[in-house]
Amino acid sequence: MRQGTRAYVAASVLAQVCSLARYTIMVRLLGPEQLGLAALLILTSSFFESISDNGSDRFLIQDRDGDKPTVQKLVQLVFVGRGIFISLGLLIAAYPTALIYDEPALASGLMILAIAPLIGGWMHLDFRRVQRAHDFRPEALGIALAELASTAAIIVAAYYTRDFTAILYGLITRAVVQVIVSHLTAKRPYAIGYSKEYARRLMMFAGPLVVNGLLLFIGSQGDRVVIGHQLGVTALGHYTAVLLLVSSPAAMVIRILGATNLPVISAARGDPILLKQAADRLAGRAVLLGLGIAAGFALVAPTAVDLLYGQAFHLPATVIALIGMLQAARFIRLWPTNVALGVGASRIVMTNNIARLVAMPAAILGFMTLGGLPGVLAGFILGEFTAMIVALALLNRQVGFPAWDGWDRVAAFAVAFAAIYAAASAVDAGQYPAAAILAALLGGLAILVALRERETIGEVVGLLRTLKPASR
């Protein structure tokens, strides 16, 4: 039985609302250039977080002995070490980063930002351990309080500072609140310690994920690196503001699906039939939501960008469609990667991100041939599709699924992307009848996908009914 599922979903929704609120206010108060500098702070921090992400907190869920205090002490020791590593990395990278982007103010900002991971490393991971029993209440509370506090800190700081340093107040506040809540909600006393017995097993699980971290950064943050370097800080600020409208909700759903499905997949790994059912359930949800992200963003975002940020942030329909497609392509990867993590095949995740490296040369080639932002985005979309194909092929082989399993879903995604881009191009060209015809074709494809995933839709509807409060 899942405890606190509704609270976890509500907290995740609250986190994205807070994220949208604080970035909208930052856009209005700071402008694109200062927002671009704030994005560079987060980008640099994300680099060190990615290359040190060993997945040890997920080890508490995935490993058969993850509930033992000895294992938890080891993982919490690793977390402390990771926080120190990220903090030192930010201090060392402060001046080189400022020189690369020719922004001297970045150096002091990065040195102050080093406080956040140093604090965050002392997180009590009992909230992750209890998820073995599908209890999400502690994490839900931590997310809600940390996001509210972080948002309040950023808004107040942005009002008074009127520069990119406002983000520092929010990130440090978030780390403090997360650590405090994690200790207050823990059922076990906090302790760190080394265990030779489990260190090797953790290393075998975490090793591929550590290598995977750098690859993950390039795949998930490479677009911002290329845009910031090739198009400048102001262009990065524009892109970051628009990207937030789709990446933030997508990240919320990924977190929810990942957290709720990983324990189920891990529990079913010894039974091929149950594992196939759990994998299909996750795949269906990922496909339906991914297509909804791509189509919905292409439809709604042009108006939303103008209303939230003003005409200064207006982008062509094709560029907005490409941004939504990129995030949808990243979103659907949660299907094979979470199944791989659930069965302990973390090397598939690493190989998946190796395949994503195709995106960097493709993005540079796209920038040189197609030009500007559209070329960069097209290259990264190609990289995501390549990674998806590689991950699915390896997963089917690893767990014994049929070799062709899931390929119809990938094909539907590719066809939908082509229709969405063609419709956006027609809108930019003023050819509205053609856009309407393409939208109708996309609707037909949506019906076919819904028929394919009717079991998943039925399960979701049933789940929503159980979550609905009983009438009095």
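The values are calculated or read from the model by the stated rules, or taken from the named source; none is laboratory data. Source: prediction; values computed, not measured. No Cβ is skipped: glycine too gets one built from the backbone with ideal geometry, and neighbour counts run over all protein chains shown.
Please find, within region 218-236, the residue that is modelled with the highest pLDDT out of those that are crowded, with 18+ Cβ neighbours inside 10 Å and either in contact with a Lys or Arg (Cβ under 8 Å, 6 or more places away or on another chain) or not in a helix (DSSP H, G or I) (or both). Step by step, filter region 218-236, then rank; the result is Leu236.
Selection of helices (runs of 4 or more DSSP H) fully inside region 329-429 by the criterion of at least 3 residues being out of contact with any Ser or Thr (no Cβ under 7 Å at 6 or more places or on another chain) and closer than 30 Å to Ala317 by Cβ returns 359-369, 372-399, 407-428.
Among the residues of this structure, Arg132 counts as one that is more than 20 Å from the chain's Cα centre (by Cα), among the basic types (Lys, Arg) and in a helix (DSSP H, G or I). Among the residues that make up region 75-83, is at least one of them of a type in the set (Gly, Ala, Ser), buried (at least 17 other Cβ atoms within 10 Å of the Cβ), outside the structural domain of Leu244 (by TED's automatic domain parsing) and modelled with pLDDT of 80 or more? Yes: one or more hits.
Tallying residues that are surrounded by fewer than 17 Cβ atoms within 10 Å (Cβ to Cβ) and either among the small types (Gly, Ala, Ser) or at pLDDT 80 or above (or both) within region 1-19 yields 3.
So that you can scan it fast, the table gives a plain yes or no per residue for (1) among the basic types (Lys, Arg); (2) touching a Leu at 6+ places or on another chain (Cβ under 8 Å); (3) surrounded by fewer than 18 Cβ atoms within 10 Å (Cβ to Cβ):
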site: Ala158; (1), (2), (3): no, yes, no
site: Tyr198; (1), (2), (3): no, yes, no
site: Met204; (1), (2), (3): no, no, yes
site: Leu216; (1), (2), (3): no, no, no
site: His238; (1), (2), (3): no, yes, no
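Candidates in region 367-395 are the residues that are in contact with a Phe, Trp or Tyr (Cβ under 8 Å, 6 or more places away or on another chain) and more than 21 Å from Leu291 (Cα to Cα); of these, the one that is modelled with the lowest pLDDT is Leu373. Inspection of region 174-190 finds a residue satisfying the criterion of being without any contact (Cβ under 8 Å) to a residue 60 or more places away in the chain, in contact with a Ser or Thr (Cβ under 7 Å, 6 or more places away or on another chain) and part of a helix (DSSP H, G or I).
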